[in-house]
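**Q** Let me begin by handing over the structure; questions about it come next.
The values are calculated or read from the model by the stated rules, or taken from the named source; none is laboratory data. As the structure is a prediction and not an experimental result, all values here were calculated from the model. Here the Cβ is made from the backbone with ideal geometry for all residues, glycine too, and neighbour counts use every protein chain on show. When the accessible area is computed, the model is the full protein with side chains, heavy atoms only, and any ligands, DNA or RNA have been set aside. Shrake-Rupley method; radii C 1.70, N 1.55, O 1.52, S 1.80 Å.
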Amino acid sequence: MPAKSRFVRLDAFTKTVEDARVRTTSGGVITITSLLVILWLVWGEWADYRRILVKPELVVDKGRGEKLEIFMNITFPRIPCELLTLDVMDVSGDVQMGVLHGVNKVRLSPEKEGSKPLSQTALTLHTDDAVHLDPDYCGECYGAPSPPNAQKAGCCNTCEEVRDAYAQLSWSFGRGEGVEQCQREHYAEKLDAQRQEGCRIEGSIRVSKVVGNFHLAAGKSFSNGNLHVHDLDNYFKDGADHSFTHKIHQLRFGPPLPDDITARLGGDNEIGWTNHNLNPLDGTEQWTNEKAFNFLYFIKVVSTAYLPLGWDSAKFKGGRADMAPLGLYGSGEGGSIETHQYSVTSHKRSLAGGADENDKTVMHAKGGIPGVFFSYDISPMKVINRETRVKTFSGFLVGVCAVIGGTLTVAAAVDRALYEGSQRIKKLHAG
């Protein structure tokens, strides 16, 4: 048997001659309708193939030696910038000296005048730069040893260095009366001029990704043995109505997500994730009229990665992330983002101790430092939000074939039913 004959026997698509075919008006309408249905369903398959779904994964965070970037924007309407100190401490209680930061202090007009910005200066953490006209000048330390960070060994050439020298011995400094350096720099006059002002702290700090805390408190800070204390003399004795009433405009850990990603995460998928959920402290306000009062926020930080479609860890290995400019840490290659979510609980108390104002069964301990404290803990788990397509390309092709085949089969059945029905009606009328 010829090869051609063998294939003829396998033909599953038998044909009819042209003369045996019957064309009807209903068949034409059904054909046009089925084509429109096919186009509509194929377009739906294409849209489904192009749709991107964000799928969350929960894994153990195996990162080591990483950094954590904290952005803050906090207003204190009742305490001047000159009295406000920012300290960053790690889990051991040691002050982190090598903190990369870009934090500014913005002086605000008195609260009754609307707390409007007056001027802005960069905040310096734990260091001070001395500039003098006379290179041979050596200021007195007034009975205290010269601080280790002095610009000239054995000297106290600035008011700040005298304050550091006093802090080493846990001496109260006050307004610097009788201190030549402070008189030259008009330290007491600055305190008087800013007495009724407020202050806004804004900017970023980069710290080691370990358990720690940062706090904004009154007065110069120093260590006394294993204790971290503040010089509160000016805060309590200047006669002004200071308090740590504050508003947290924004507090986030890591870079923000772009708006398009935020919209996608908050869209029609199983994780309703928005910027509000990322930063639960945004817009928080706390009020008090007491000077001796502090606010505590206990924060649980969860590492969160966003990996865009097509991202491959083998392709984008990355470089020295710790060398990234401030504000860009966590923004990786290929559009990936390493950021953090957090949950928070808050607590506030009067340093005078006594019963809680809302729950008389709770007794607060006496003592402490007035200020706002943020204690953060790092979760051992990590959330990875990975972009994936709902369908593969092969799945798209299978769907198109199913649409075409299914639609034509149903159309053929409908056309056959209409044709058979019309033929029987004609026979009935003819009979």
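**Q** So which residues in the stretch 341-372 are in a strand (DSSP E or B), touching a Phe, Trp or Tyr at 6+ places or on another chain (Cβ under 7 Å) and hydrophobic (A, V, I, L, M, F, W, C)?
**A** Passing the criteria: VAL344, VAL372.
**Q** So in the stretch 71-86, with the set limited to residues that are of a type outside the set (S, T, N, Q) and in a strand (DSSP E or B), which one is most open to solvent (accessible area, probe 1.4 Å)?
**A** PHE71
**Q** What pairs come up if the first residue lies in the stretch 141-163 and is more than 12 Å from PHE173 (Cα to Cα), the second is open to solvent by 30 Å² or more (accessible area, probe 1.4 Å) and among the aliphatic types (A, V, I, L, M), and their beta carbons are under 8 Å apart, counting only those six or more places apart or on different chains?
**A** PRO145/LEU169; SER146/ALA153
**Q** Those residues that are among the aromatic types (Phe, Trp, Tyr), open to solvent by less than 40 Å² (accessible area, probe 1.4 Å) and either at pLDDT 80 or above or out of contact with any helix residue (DSSP H, G or I) (no Cβ under 9 Å at 6 or more places or on another chain) (or both), I need them from the stretch 242-289; list them, please.
**A** First, pick out the residues of the stretch 242-289 that are among the aromatic types (Phe, Trp, Tyr): 244, 253, 273, 287.
Okay, now just the ones that are also open to solvent by less than 40 Å² (accessible area, probe 1.4 Å), so 244, 253, 273.
Of everything in the stretch 242-289, those that are among the aromatic types (Phe, Trp, Tyr), open to solvent by less than 40 Å² (accessible area, probe 1.4 Å) and either at pLDDT 80 or above or out of contact with any helix residue (DSSP H, G or I) (no Cβ under 9 Å at 6 or more places or on another chain) (or both) turn out to be PHE244, PHE253.
**Q** Residue by residue through the stretch 91-113, note down the ones that are open to solvent by 40 Å² or more (accessible area, probe 1.4 Å) and either at pLDDT below 80 or not assigned by the TED database to the domain that holds ASP231 (or both).
**A** Residues satisfying the conditions are VAL91, SER92, ASP94, MET97, GLY98, LEU100, HIS101.
**Q** Hey, can you tell me all the residues within the stretch 186-207 that are polar (S, T, N, Q) and at pLDDT below 85?
**A** The answer is GLN194, GLN196.
**Q** While we're looking at this one, here's another question. Going residue by residue through the stretch 385-404, is there one that turns out to be in contact with a strand residue (DSSP E or B) (Cβ under 9 Å, 6 or more places away or on another chain), assigned to a strand (DSSP E or B), open to solvent by less than 50 Å² (accessible area, probe 1.4 Å) and within 30 Å of ASP282 (Cα to Cα)?
**A** yes
**Q** Still on this structure, please answer the following. Considering only residues of the stretch 33-57 that are open to solvent by less than 70 Å² (accessible area, probe 1.4 Å) and free of Cβ contacts under 8 Å to residues at least 12 places away in the same chain, which is nearest to ALA411 (Cα to Cα)?
**A** GLY44
**Q** Checking the structure you have, find out if any residue of the stretch 348-364 is charged (D, E, K, R) and under 29 Å from PRO258 (Cα atoms). Steps first, please.
**A** Step one: of the stretch 348-364, the residues charged (D, E, K, R) are 348-349, 356-357, 359-360.
Okay, now just the ones that are also under 29 Å from PRO258 (Cα atoms), so none.
Looking through the stretch 348-364, none of the residues is charged (D, E, K, R) and under 29 Å from PRO258 (Cα atoms).
**Q** Now for a separate question. Give, as residue ranges, the helices (runs of 4 or more DSSP H) completely inside the stretch 164-241 that count at least 2 residues that are open to solvent by 30 Å² or more (accessible area, probe 1.4 Å) and touching a Gly at 6+ places or on another chain (Cβ under 9 Å).
**A** 180-184, 233-237
**Q** Tell me, which residue of the stretch 20-32 that is in contact (Cβ under 8 Å) with a residue 12 or more places away in the chain and part of a loop (DSSP other than H, G, I, E, B) is least open to solvent (accessible area, probe 1.4 Å)?
**A** Checking each candidate, the answer is THR24.
**Q** Is there any pair with a first residue in the stretch 327-356 that is over 30 Å from THR288 (Cα atoms) and at pLDDT below 70 and a second that is surrounded by 13 or more Cβ atoms within 10 Å (Cβ to Cβ) and aromatic (Phe, Trp, Tyr) whose Cβ atoms are under 7 Å apart and which are 6 or more apart or on different chains, and what are they?
**A** These pairs meet every condition: GLY332/PHE316; GLU333/PHE316; GLY334/TRP311; GLY334/PHE316.
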